[in-house]
Structures are given as structure tokens and as C-alpha cells.
Amino acid sequence: MNCSSCGAELPADARYCPACGAAVATRGDERRVATAVFADLVGFTSLGEQMDPENVKNLVDSYFERLVAVVNQFGGRVDKIIGDAIVALFGAPVAHEDDAERAVRAALEMQSLMSQDSDRSGVRMRVGVNTGEVLVGAMKAGGDYTAMGDAINVASRLESAAKPGEVLVGPDTYLATHHVIHYESVGPLTVKGRSEPVDTWRALSPATLPGSKPHSHRAPMVGREIEFGLLSQVAETSVKKSRAYMAMILGEAGVGKTRLAHEIADMAVSEYGAQVLEGRCLPYGEANIWWPIASALRGACSVPDSASDQEALLRCQQFLQDLPDESGRPDASKELSRTASGLMYLMGYDAGGESGRNRESAIRAAQDLVSALARQSPVVFIVGELQWADDEVLELIDNLLERVKNQPVLMLALARTEIEERWRPRLSGRNLLSVTLDTLDEGAASALVESLLGASPTDELRSFLLSRSGGNPFFIEELVAYLLETGEISEIAEGRIGFDLDSGSREMPATLRGLISARLDSLTDSERSVIEAASVIGRRGQMAHLGGMFGETGTADIGETVDSLVAKELLARRNGEFEFRSDLTREVAYETLTKSERARRHTVAARSLAELPGIAGSDTGRTDQLASHFGKAALLTRDVGGLGGVSDDLRAEALEWIERAALRAQEGERSVDAERHFTRMLELLRGEERAERKRALLGRSHAQAWLHRLDEARRDATEALEMARADDDEASVAAALTAIGAAERLGNNLRGASQLFEEAVGLWKKVGDQSGEAEALRAWAMTDLFAGNLEPVRWKLDRAIEIYREIGDLRGEGLALQSVAWAAFRAGDIEESENWVSRSLKVFEQVEVEGSEAWALGLLAWLRYTQGRWREAGDIATDLLARLKAESGPPWAVGMIEILLSQVARADGRIRDSILEARQAHTTFESIGDQWGVLQALLPLSVSLMQSGEPREAIEVLGQALEVLEGLTDPRLAVQAGVSAAAVHVMAGDAASALESLEMAQEVGEIPLASGGGELKTAEVLATLMAGESGRALEMAELVRAELEQTTAFPSFATALAFCHLVQGEPSLAKELAERSLGSGGWLTDQVRAQIALGLAETRLGNQAAALEAFRVSAELAASAEAHLEWVKARYARAMACEELGLPDADRLRSDAEARLNELGISHCGWQALYGAALGRDADA
């Protein structure tokens, strides 16, 4: 079959002519990102005065004939010719991976063409180039294929603004091509028809050859260890056995073929002294078919691109004369001349003679040259992008390898997998290796991301990059570069990179869009239809659903097509489901569809999904999908002003499913999903649907409150309140008051929230709505709890539980029981709290919608931590955090789990992890403006920073925490802050500041030993010892010893008590207590302190070996925990003990320890005095 436009032969199942881009079969309208080129000839006015009209026309025709040829040469399509202007499109109807680059190169070539004749004719040209989204298709009147959109209009305006001889480009064209085209900025340009100026650049000249990609070696090669090993063995065999090998490195664009080849070449150079030749096939713009071989040999002969014929010949002859001659024939000079002539022909110079003879000479010259080089040293010959090679080049490679088969030559042939359809190397199987590179696995892709960022990404950023890229290294590099360039990501915490809170739309780089569009345009009609349908379903979906979109009852008819897409690495298929390998592919396929077509297909997707077996109202996932498809279809239909063939009942169906999905998301604590559904509901509602609008506003307000977008939550609830009062709708008034109260409570306006909840409870009772009354009571009780007003909490929660049980609301009952558990936890009654948590979780087991139990699980994790079972707490918290993030759970809950994981990490001796988790929690709470949460994050952060040996920052963070404390009303927070501050100051050996902090904590009242009191007493004992009051310290310790022995605070307290007995001159008792502490399984950093106490006790007892072993263990434990300050203190204690034991190295050890303390900014440390007293020295010793 041949193209009706240009006559070129068409491949089977082709949709467009590969030669001219003409459509083979008519497709409907499409939305595409294309580049428009507007070129206008100027200078004809004067010619018209001097020349006959026929001569003018003939001149114009001759220009346009050449200009059209340029457009075709660079892969564009002439859209239209209007008078003396030509309009061309690049990227429609067929996309290439570099359409914007092709367009600018074509524009520059057109200007070059015109400049050759401008002096004679006086005719010049202005060109405007712009990239953007356009709608392409055939006009109903006339049937001509064309493009419409703002991008086309801007290109026209840029052309009008250009001076004769100039090429002006718009911002998207510049962004897509600035690495391959030299530009100079023109600045913002005011163009007709646009309110905002257009940033404009003047294209000057190409900076690289066509098809070049910037090679980034910023990151180490990852995930290619096996392939590198295979190729390294082949290189070694080639060298040691003097045998030619061909290694085909195959894979899709961007998987790292060139990078792997360069790594092998570098290895061969380093280990075997190899010479490297490299050439690359060009996709367009090069008339010399031998270019990939010629460019490699040109480099070997040191012939620059600008060399004249004479210079090139001289350089080739000189290079050949320097090569070893194996023949020794008397006609060597004649042979050299023949080889040089052949090389000249290969490089595109005029070699004279007949074409056929020149071709033979060129092939032989290439063979001779490579063979001669291989006699000097091994040769690595890299030929890239072979899928674009001419058949003559492929035959030359076969002949070349045959010639050098017994020489150390490694040919690395890089190509996309389609090369296998047209070429199989003739080299025997034993000398041929084919390596296909897949995309990176998750581990390797994550390593590449971290390397490119130079820091660890947040989970959100990591997930974004991996899902969007599909593990393609080039995609990852381009996405990271784009996000950094646009400022959408930055360092949000120490060593962590994440999205800025106000980041942009996270659009796709033009380089990737073009590459993916080109791949999609190469698909057959059936493949394109299936991948478009799949893109409507989503990133992944059921094969049965995909089949249903084509009216099938099964998947057999599309299975073969899906398998073809799997083979082309666009989709994956497993267990009855399909999945896009990359989000970017799905995005491009979907965005190509017009809005009308999307509306139709979403409707079909919804109907086919509803008809699948197993659909039920209890299926949350299906409910969300149906709401999404129906909602998108309804909105798109509205946007395009109605759609034939789509039911008028579509909007009503959409509203029904969206509200159902919104309520299920709300019940499952999926606030992001709930907000999204309620927002879509509001978008579809009409003005007269007031009851529905009030429900949607209040539902969205609830979701926004839990997302801590409190101003938005208040705004929605206030609008609903005003509507309800206007409608005399008291139930909705009560609901609005409850919603506003929730926003005020989360915004720490606890008094205002309490008043609103009280008013709401009264109204709920009046209208007889028990569910609303119970919800308001529970919220009111939690407000009291956060205000530190514990007395009324229990009766409100008891009444709420009673109501929930009366009306059979299991979810509400579970939440209320969890609230009782939280109140008990805050009151320090751990046993009672665990009892209520267990009851809550049992109730949640009966709740249909999962999600609400997350609150109870979070509290259970905190309970386990408080009970000293921190590893169990960490397991629960880690699983819960992953779930919360996957389901976009409430950020407040996320922040609390991050704080818990920080505490768990510190308990487990992972101080760096503790700091990172605390910083992440601080970021989370800062992002939602929750000062209570900010305080909760800052306090453990200050403790971990001090332990890690960063005392200045620790004190600074502690100061920030105390500032936050001043704005909060719960008096018990002063206890928490005081205990944390005392711990920080005790670690630094600052007894006075520690005791001052403890006074602040004790002003609140008696603190239960099981909930903070133990830590307080430990800090108080140690600070008092450092202050030189050992008798008082021992007295206060003995008063609480019996009670603390039953708590998780005992290991650290026992160590403090051991120090008391050491100072009192009772090393045997101190040793016993230190060993008890170590046997009690305390925190790793507590064990460091206990080992120090043990070492000092053994020193006092004269057990030198045991003492030194204890100090060794203490230092190792501190080092493993990255607790640098504790490590320095352990070394200081060891130095003082060595002095006491009379060991010869004692002075040096002490000087070193003192220097390290000074480096940390800690001098006159109370621990120095305490260690001295523990060893029986006077205070001045």
C-alpha cells in the first residue's frame, strides 16, 4: 500500500505516512502538544513594481518549494500556505520525541536557505516558533486537516514581531530546546491578542547535532551491575583471545544504553589501554548516510567538521602514515592513497570517481583503518541509535566485523528494540551478545533519585518520581532537573528534599512528552485504541473492565493487544490486571483525547464497571471509581456544552455516586478523597439544589478541617450556616455550628469551639437528631481534653457512647471509646487507657468501612511505647503511617505517628533517624498551623539533637518550643516541656538550668510517676548530684524508688541512683544498681549511662579489666547510636578512671576528652564534677 499524498510505501497497519505524515486512515480530533512554525516572506512589494506577476509567482513558488522540502526533511508537516506565508506543524499528526527541536532547526535552515538568495532578490523572511497544546483534526467544512489553539496564534504574533532574517521562539519552545540551540533573550514581548507579555528568545544556531541528548554523569550508574559484568567479561575475552565481538545493547529510549556503553569503554581504556571510536546515527538532517561510521573515523583521524577538502585529505594521510603496516608490500603508498580517498568519501567529501567504486573503497577503508588500529591496541567501537541507521551502514558493520574477526575489537551497538525487526548481525552466535536493558527496579530507581538530589527525598516526592518515571533513568533525571529548575522542590528538613508547600502544577517536561508522544504514534490502531481506553480507566485496572469498554464480556479479544503493549514496555499485566509502566505514558495518552471523547469514554468506563460481577455498595474502591468516572463525564459534558449520545440522566447519576463515595471517604477518615468528592459534587450542583449544596459544603468543611485548611473549612461551614438560617433549617444550623466548632478546636481556639459545640448540642436535641448530638458531644469532650479541663470530659463521652449504642452507630461508638482511652492516657492512667483502646478496637472490627480504627491504633502504639515495648510500638506506627500516607489520612494523625517514630528511634539507639522523624513531624504540624503539634515535635527534637552532639541547635530548638508553649492553654504541657528541657540540660551537664526547668514542671502539681514523673525524678536526682547535693539527691531517690521499680522509667532511674551511691562511697551498691539497669532492657542511650556508672563502680572496687571493658562497651553503644555527646562523656569517664587506676595514657585521654567537649561548646560540664565525685575525689579535683 502506498501513501495517497506522496506515494511512499506504507508499513502494514500504518496510521500515518512515515515520509510525509499524511493520515492513512482518518482519525477524530485530538489534543496534542505541537510546535507551530509561521514563516512570512518579506520584500515582495518592491519586486511587484519591477517584475511581471508571473515572474513573481514563479519566484514565490520556487521559494516555497524549497521551504516545504526543509519542513519535510525535518519531519514537519505543512499546514497551509497563505499568500506569501507558510505555516508548518511539528508534532501533529505524527509526533517525534524532539518536535520542538526539529521545528527550530527547520526554521534556522529556512533562514539559511533564504539568506543565500536575499542579496540578489531582496526577499527575506521572518519566522515565529511556538509550542503548546492545540486541537488538531479535519474541518467538517472542507475536510482539511489543521490545528487550532492559542499556541498557533502566539506563533503568528511572534512571526509578526520578528525582524527579517530572525527566528523568534516562545517560552515553551525555549524550555524544550535551550540545551541544543544557542539563544539570546529578547525579553517579554507584548503581542496582539494577549493580555500578558510573552517571554521571547532569538534562535541563533544549533548547539549540537540533531537527536543529541545532554549526557548527565551527575549520578553513578545504578541497577546495571549484572549487565556491566557480562559486558566486562566479553571485553576481557575479546582482548585476551584477540577476537571480535558484537554486543547489542537494546532498550527503550532513556534506559541508559549510552551510559552503560561509556562505562564499558572507560573500563576497557583503564584496564586494557583500549582506543574508543564512537559514532551515532541521526534521526534527520544529515545527507551522508555513512555519518555514524564517518563521525567515529573523523574523530580518530582528527578531522574537524569545518575542515576543507585539502585539510581533511592531509589529516587522513598523516594519520594513516602513522599506523603500523602489516603487509610490507611495495605498493604501500598507493594503498595509503586509496584508503585516504575512501575515508574522504565516507566523511562526505568529494572523492571523485564513480559512485559504486567510491562506495567499495569507503567500506574497505573503514575496514583497513579499524584493523590497523586494533593492531596497535584493543578497539571499542560504539555506534548509537542504530534504529535510525541506513541499511548500507548495517551492512558495513557486518562486513567490518567479518574483516576484524580475529582482532581485539568490541563493537557496542546501541538501539531500540525495533532494530530486531530489520536487522540481525551476521556475526556467529558465539561472538554475539544481546543485552536488553529494562527500566530500573524500585531500589535502583530510589538510589538514582537520592544521588541526583544529593539528599533523601520525602516519601511523597520519591513516590511521585518513581510512579511518573516508571523507573526509566532518563525520565527520572529529566523530572528531577525540571522540578529543581522550576523551584517546585527544595530542602524542607535537614537532609530531606520535598515538594514546596506552594509548588506548581508539576507539569511534564517537554522532552519527555515528545518522546512518549512519538512512541504512542508508532502504535497500530488497535494498540492505540486499547492504550487510550486504559488511560481513561487509570494507572491500573482490571482486564475485565478494559474489555468491557469494548463491549466484551471477557478479555480474550483485547488480551493479544495488551500483550503487544506489554512487549513494547508500555503496560504490565498480571493477575487479571493491567498497569501502565509509567504515569507519564498514561498522562500523554489521556491528554491526546478531546474533552468530548473523554466524556464519552468515562461514561462507557462507568457503565462497564457497574456491570462487572461483584459490584456492591460496600466496595469502597469500586464506589470511588464509579464516582470518578461519572463525575468526570458529567463535568466534561458540561464543559463542551452537551454531548450527543450521552444520557441526560448522567448528572443525576454522577451526583448520586459522588455523594456516596464522599460519605464513605469521610467514614474511612480519607479526608483528601472526601474533599475531592464533595468539591466535584459542588461543581455539578445547580443553584436550586440548596439541600444538596448544604450537605456538600458541610462535608467538605469537615474534610478541610481534618486537613487543617481551617480558613477554607470555616468559609464553607459559614456559607452553609447562612443558607440554613435563610431556609429556617435548624438541623443544618446545628451541623454548621458543629463544623465551625471543629475548625476552631483544630485552630486552638478552644474556648470558642466549646461555646459552639454547646450551642450545637442544644439544637441537635431540639430537632431530635441523636446522631448529631452524639457527634457534637464527642467533639466538645475532646475540646475540654485539649484545654486540660478533664472533669467534664467523661460524662460527655459517656452520654455520646450511650446515644451511639441506642441508634446502632458502631463507628461513632468506636470513636467515642477511643476518646475515653485518650483521656485516660492524658491523665496518666495507662492501664485504664489500654482497656478502653481494646474495647474501641473490638467495636471497629464490626464496622463495615475501614479507616476510623486508625485513631485507636495510633493510641495503642503510644501506649506500647509508654509501657516500654517500643519496638512493638514502632511496628504498629510504621504500618499505620504507611497506611495514612497511602490513603491521604489526616495530617494531624500523620504528625503524631512521626513524633512517636522519633521517640522509638531514640529508644532504639537510632539518634539520626530520631532527628529526621522529629523534623518531619515539625514540618507536618507547621504546614497545618497546629502549634500544639509543633511543640510535641520540637521537644523530642531538642533532646535528640543534644544527644547527637549538636548542643547549640538543641538549645535553640528548645527555646522555640518554650515560645510555642506560651501560646497554649493546657497547663500539663508545661510538665512535658519542663521534663524535656531538664533532660536536655542534664545531658549538657547544666545543673542550674535543669533544676529551673523542673521547677516549671512541678508548678502544675503532682505528676504521676507512670506518666512523666519517673523521667522528672531521674533528671532531678542527676541535676541535684551535679549541683553537689549528693545527700539530698539520695534522699529524694529513695523516697520514690519502690514505686518507680514497677515502671518503665526504672532503668534510667536506677543508673541515677547508682551515681548517688558512688558519690556516697558505696561502689558495691552502685555496681548492683548499674547491672540491674542494664538487665532491665532500657533505652540504648540509658545503657550507655549505666555502663559508665558500672565502669566507675568497678574502678572504685579496683577491678581494672572490668572497668575498662564497661567503658569500651559504653563508647561502642554510643557510637552505634550516633549519640556523639554520650560518646564523648563515656571517653571522659574512661579518662578519669584511667587516672584513678594510674594508667600511663590517662593524661592524653583526659586532654582529648576535654578538647572534644570544648569542640561541642560544652565547658565546665556537670558530668565532669559528677564523675570526679563518683570516684571519691574532692570537688576541686
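Each value in this text was obtained by applying a stated rule to the coordinates, not by laboratory testing. A quick note: this is a predicted structure, and the numbers were derived from the prediction, not measured. Please note: Cβ atoms are built from the backbone with ideal geometry, for glycine as well, and neighbour counts cover all protein chains shown.
Numbers below:
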read-out	value
P(r), alpha carbons of segment 225-436 - 10 Å bins starting at zero, rounded %	8, 36, 37, 17, 2, 0
Ordering of 935-942, 579-586, 394-401 by burial proxy (mean other Cβ atoms within 10 Å per residue, highest first)	935-942, 579-586, 394-401
Sequence-separation-based contact order of segment 225-436, relative, with Cα cut under 8 Å and 6+ spacing, percent	37
FRET efficiency, 1/(1 + (r/R0)^6) with R0 60 Å, evaluated for Ala886 and Asp391 via beta carbons	0.70
Quarter of Cα convex hull surface for segment 561-637, i.e. mean projection, nm²	6.0
Alpha-carbon spread of segment 738-841, three principal axes, descending order, Å	38, 32, 19
Inverse of mean 1/r across different Cα pairs in segment 30-206, Kirkwood, Å	16.3
Footprinting exposure proxy for Cys1060, Cys1138, Cys301 (fewest neighbouring C-beta atoms within 10 Å first)	Cys301, Cys1138, Cys1060
Qualifying lysines (Cα of each under 27 Å from Cα of Lys405; at least 8 residues distant if same chain)	Lys240, Lys241, Lys257, Lys334
Net charge of Cβ neighbours under 14 Å - reference Ala567; Lys, Arg +1; Asp, Glu -1	-4
Value of relative contact order over the chain, rounded to a whole percent, pairs C-alpha under 8 Å and six or more apart	5
Label-point separation, Ser490 to Asp711 (7 Å along Cα→Cβ), nm	1.9
Modelled FRET efficiency - R0 22 Å, Asn58 with Gln116, Cβ distances, 0.05 increments	0.75
For segment 30-206: relative contact order, % (alpha-carbon pairs under 8 angstrom, 6 or more apart)	24
Radius 11 Å from Cβ of Lys1129, net charge of other residues (Lys, Arg +1; Asp, Glu -1)	+3
Length gained when the stretch Ile807-Ser195 is fully extended (0.36 nm per residue, less Cα-Cα span)	214.4 nm
P(r) of segment 626-784 over all Cα-Cα pairs, binned every 5 Å from zero, in whole percent	2, 10, 17, 20, 19, 14, 8, 5, 3, 2, 0, 0
Asp459 versus Ser185: modelled label distance in nm, points set 7 Å from Cα along the beta carbon direction	4.1
Full-extension gain in nm, Glu271 to Ser526, via 0.36 nm per residue minus C-alpha separation	86.8 nm
Gyration tensor verdict on the chain (Cα atoms; rounded if a/c is under 1.5, prolate if a/b is larger than b/c, oblate otherwise)	oblate
Neighbour net charge for Thr718 - beta-carbon separation under 11 angstrom, K R +1, D E -1	-2
Under 28 Å between alpha carbons - lysine pairs in segment 30-206 that sit 8 or more apart or on different chains	6
Per residue Cα convex hull volume in Å³ - calculated over segment 335-474	170
Distance in nm between pseudo-label sites at Gln310 and Ser337 (7 Å out along the Cβ direction from Cα)	1.9
The chain, helix-only ellipticity at 222 nm - DSSP H runs n ≥ 4, -39,500 (n - 2.57), divided by all residues, nearest 500	-20000 deg cm²/dmol
Within straight-line cross-link reach of Lys595, lysines at Cα separation under 16 Å, skipping those fewer than 8 residues along the same chain	Lys632
Fraction of beta bridges assigned by DSSP in the chain that are antiparallel (%, nearest 5)	65
Residues His545, His602, His179, His677 arranged by fewest to most Cβ contacts within 10 Å	His179, His545, His602, His677
